[in-house]
Amino acid sequence: MDADALADARRAEWERLDALSRARLDGAGVDELIVRYRAASADLAELKTSVGDSPQGAYVSSVLSKARLRITGASDSILTQIARFFVDQLPAALYRLRWTTLVIAVVFVAIVAVVAAWISSDPALVAALGPADYLEQYAEESFTGYYTENPAAVFAGMVWTNNAWIAAQCVLFGVTGIWPLYVIVQNAFGVGVSAAIMTVHDRLDVMVLYILPHGMLELTSIFVAAAAGLHLFWAWVAPGARTRGAALAQEGRALATVAIGLVFALFLSGLVEGFVTGWSLPWPIKIGIGAAALGVFLVYMLLVGRRAYRRGERGDLLEYEAGTPQLTAG
């Protein structure tokens, strides 16, 4: 086959395809774009088969490349994707978890209160926790010393990475339905035991003062992570009209954004724990800083999230990013 002869015969069609790739199209224009794209693809295949690489083939290939982008859509820039993540996807995903997060928080506080009251009221249970001198040292020195025994930056990094890993596990292993509950109960029981020891030694107020500045945001973040994990589990148990695979994929993508977002929230709580909790500042200032950090998170979760949710955002990827959904009748 003569490449020049084919180019002379098809050039007008290739130029038309090139023009359609750059024009605003109505329904008929889109149909024409697809038809001409298929025809040009056949021409390129014929050129490759007959003459191999050629100037004519390179031209058709460039026209097809532009047409393909027009048909399939080009991905957004990284800055656009980042903005959409923080303005729409993440707050909407957090907003969906608000009531489950509240229930988990109430259950957590209830477990802490019950465990602390139960152990502190029974000397035998207190004695079972360890020798009396060890418990006294814990209440008088070890509990508060934990926040100052390492440099502030190192300590902040340690608690951040540890808490971020716990939050990620709650989301990633949430499909089991067991792991998020285990994390919440285990942590609540641990805090309850510490509260019992501090109560017996009349230092419960010290514990509260040391936990509040960073704990308000830190614990809220863990509650949100547990809520995300349980939502993922529920998508598997009750997928609705979706298949279980489709439900897990959709919820998994949406709730994975929560795990990523909590990394930033826990970074903020880690800064408060490392640079505020152990500092020699008046306690009202420390608690005020912690309350402000929690306030920023709640405004983002509830107000920004509600606006994104009302715009139809659910935290999932856009359709062209997630893949074509399976169509169902009814």
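The values are calculated or read from the model by the stated rules, or taken from the named source; none is laboratory data. The structure displayed is predicted, hence computed values, not measured ones. We place every Cβ from the backbone using ideal geometry, glycine too, and count neighbours over all the protein chains shown. Heavy atoms of the whole protein, side chains included, go into the accessibility calculation; ligands, DNA and RNA do not. Shrake-Rupley method; radii C 1.70, N 1.55, O 1.52, S 1.80 Å.
Which condition number in (1) in contact with a Lys or Arg (Cβ under 8 Å, 6 or more places away or on another chain); (2) surrounded by fewer than 19 Cβ atoms within 10 Å (Cβ to Cβ); (3) within 19 Å of residue 144 (Cα to Cα) is the one that residue 302 fails?
(3)
For the range 273-308, name all the residues that are more than 23 Å from residue 90 (Cβ to Cβ) and either within 19 Å of the chain's Cα centre (by Cα) or of a type in the set (Lys, Arg) (or both).
286
Would you pick out the residues in the range 167-193 that are open to solvent by 20 Å² or more (accessible area, probe 1.4 Å) and at pLDDT 90 or above? Break it down into steps so the answer makes sense when it comes.
Let us first name the residues in the range 167-193 that are open to solvent by 20 Å² or more (accessible area, probe 1.4 Å), namely 168-169, 172-173, 175-176, 178-179, 181-182, 185-187, 189-191, 193.
Across the range 167-193, the qualifying residues are 178, 179, 181, 182, 185, 186, 187, 189, 190, 191, 193.
What are the residues in the range 90-110 that are closer than 14 Å to residue 190 by Cα and open to solvent by less than 20 Å² (accessible area, probe 1.4 Å), if any?
108
Can residue 75 be described as closer than 30 Å to residue 251 by Cβ, modelled with pLDDT under 85 and surrounded by 12 or more Cβ atoms within 10 Å (Cβ to Cβ)?
In short, yes.
Has the range 132-144 got at least one residue that is among the aliphatic types (A, V, I, L, M), over 24 Å from residue 220 (Cα atoms) and free of Cβ contacts under 8 Å to residues at least 40 places away in the same chain?
Applying the first criterion (among the aliphatic types (A, V, I, L, M)) to the range 132-144 yields 132, 135, 139.
Within this subset, residues satisfying the condition of being over 24 Å from residue 220 (Cα atoms) are 132, 135, 139.
Applying the additional criterion that residues be free of Cβ contacts under 8 Å to residues at least 40 places away in the same chain yields 132.
Scanning the range 132-144 turns up at least one residue that is among the aliphatic types (A, V, I, L, M), over 24 Å from residue 220 (Cα atoms) and free of Cβ contacts under 8 Å to residues at least 40 places away in the same chain.
Can you list the helices (runs of 4 or more DSSP H) lying wholly within the range 202-298 that have 1 or more residues being acidic (Asp, Glu)? Steps first, please.
On the way: elements: 204-237, 244-272, 283-298.
Per the criteria, 204-237, 244-272.
Return the pair list, or none, for Cβ contacts closer than 8 Å from residues in the range 40-58 that are free of Cβ contacts under 8 Å to residues at least 24 places away in the same chain to residues that are open to solvent by 30 Å² or more (accessible area, probe 1.4 Å), at least 6 apart or on different chains.
Short answer, once both residue conditions are applied: 44/61.
Would you mind stating whether residue 249 is farther than 21 Å from residue 99 by Cβ and not hydroxyl-bearing (Ser, Thr, Tyr)?
yes
Looking at 117, 139, 83, 113, which one is hydrophobic (A, V, I, L, M, F, W, C), in contact with a helix residue (DSSP H, G or I) (Cβ under 7 Å, 6 or more places away or on another chain) and surrounded by 12 or more Cβ atoms within 10 Å (Cβ to Cβ)?
139
With the requirement that a residue be surrounded by 13 or more Cβ atoms within 10 Å (Cβ to Cβ) and at pLDDT 85 or above, what does the range 45-66 give you?
Once the filter is applied, which keeps residues that are surrounded by 13 or more Cβ atoms within 10 Å (Cβ to Cβ) and at pLDDT 85 or above, the range 45-66 yields 59, 60, 61, 63, 64.
State all residues of the range 174-201 that are part of a helix (DSSP H, G or I) and small (Gly, Ala, Ser); if no residue qualifies, say none. Step through it out loud before you land on a result.
The initial filter retains those residues of the range 174-201 that are part of a helix (DSSP H, G or I), namely 174-176, 179-200.
Within the range 174-201, 174, 188, 190, 192, 194, 195, 196 meet the criteria.
Okay, residues lined up against (1) outside any loop (DSSP other than H, G, I, E, B); (2) of a type outside the set (D, E, K, R); (3) modelled with pLDDT of 90 or more:
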{"residue": "105", "(1), (2), (3)": "yes, yes, yes"}
{"residue": "108", "(1), (2), (3)": "yes, yes, yes"}
{"residue": "125", "(1), (2), (3)": "yes, yes, yes"}
{"residue": "130", "(1), (2), (3)": "no, yes, yes"}
{"residue": "133", "(1), (2), (3)": "yes, no, yes"}
{"residue": "139", "(1), (2), (3)": "yes, yes, yes"}
{"residue": "154", "(1), (2), (3)": "yes, yes, no"}
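So, of the residues in the range 1-24 that are open to solvent by 50 Å² or more (accessible area, probe 1.4 Å) and part of a loop (DSSP other than H, G, I, E, B), which turns out to be nearest to residue 72 (Cα to Cα)?
24
Closer than 30 Å to residue 256 by Cβ and part of a helix (DSSP H, G or I) - does that describe any residue in the range 46-56? Spell out how you get there, then give the answer.
At the first step, the residues of the range 46-56 found to be closer than 30 Å to residue 256 by Cβ are none.
No, there is no match, as no residue in the range 46-56 is closer than 30 Å to residue 256 by Cβ and part of a helix (DSSP H, G or I).
Test each condition in (1) closer than 27 Å to residue 136 by Cα; (2) more than 20 Å from the chain's Cα centre (by Cα); (3) open to solvent by less than 60 Å² (accessible area, probe 1.4 Å) for residue 159 and report the one that comes out false.
Just one mismatch for residue 159, condition (2).
Answer yes or no: is there a residue in the range 267-279 that is within 20 Å of residue 157 (Cβ to Cβ), out of contact with any His (no Cβ under 8 Å at 6 or more places or on another chain), at pLDDT 80 or above and open to solvent by less than 40 Å² (accessible area, probe 1.4 Å).
There is at least one residue in the range 267-279 that is within 20 Å of residue 157 (Cβ to Cβ), out of contact with any His (no Cβ under 8 Å at 6 or more places or on another chain), at pLDDT 80 or above and open to solvent by less than 40 Å² (accessible area, probe 1.4 Å).
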